[in-house]
Amino acid sequence: QVQVMESGGGLVQAGGSLRLSCAASGSISSISTMAWYRQAPGKQRELVARVYRSGFTNYADSVKGRFTISRDDAKNTVYLQMISLKPEDTGVYYCMMTYFRDYWGQGTQVTVSS
């Protein structure tokens, strides 16, 4: 049984920064994939960033150069450092972790004002 919870969302001005965190708890030895997704109002949920256990990362084209995903396996935690935020980054950000199956957090709201 795995519980996943995000934190760090909030309201920020365009050009500002936020750091999201997501921690998994439960009977976990290791997590393979850690990822962040987001869903804007009226839009399909999209992959924002993903990091594999190897350290290899994927980013959506829209966030490349601005967002950085990282993981701390000792803490079963994934982070998303977001800089130079734009209004189009607004949405609910979801954490996903893979440990035999995919586990999703409840989501955290990120709002970027123009």
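Taking the criterion of being under 12 Å from residue 17 (Cα atoms) and either part of a loop (DSSP other than H, G, I, E, B) or open to solvent by 60 Å² or more (accessible area, probe 1.4 Å) (or both), the residues of region 82-114 that qualify are 83, 84, 85, 86. For first residues located in region 40-58 and under 27 Å from residue 76 (Cα atoms), partners that are of a type in the set (Phe, Trp, Tyr) and open to solvent by 100 Å² or more (accessible area, probe 1.4 Å) and lie 6+ apart or on another chain with Cβ distances below 9 Å form the pairs 50/56.
Residues that are in a strand (DSSP E or B), over 10 Å from the mean Cα position of the chain (by Cα) and under 16 Å from residue 76 (Cβ atoms) within region 1-12 comprise 2, 3, 4, 5, listed in sequence order. Considering region 21-49, and only residues there that are hydrophobic (A, V, I, L, M, F, W, C) and more than 16 Å from residue 62 (Cβ to Cβ), the residue that is modelled with the lowest pLDDT turns out to be 28. In region 13-72, of all residues being small (Gly, Ala, Ser) and not in a loop (DSSP other than H, G, I, E, B), the one that is farthest from residue 111 (Cα to Cα) corresponds to 26. For region 72-114, a residue qualifies if it is touching a Lys or Arg at 6+ places or on another chain (Cβ under 6 Å), hydroxyl-bearing (Ser, Thr, Tyr) and on the phi < 0 side of the Ramachandran plot, and exactly one does: 93. Of all the residues in region 62-81, those that are in contact with a helix residue (DSSP H, G or I) (Cβ under 8 Å, 6 or more places away or on another chain) and open to solvent by 40 Å² or more (accessible area, probe 1.4 Å) number 1.
The values are calculated or read from the model by the stated rules, or taken from the named source; none is laboratory data. Predicted model, so just to flag it, every value in this text is computed and none were measured. Here the Cβ is made from the backbone with ideal geometry for all residues, glycine too, and neighbour counts use every protein chain on show. Areas reflect the complete protein model, heavy atoms only, side chains present, ligands, DNA and RNA absent. Shrake-Rupley method; radii C 1.70, N 1.55, O 1.52, S 1.80 Å.
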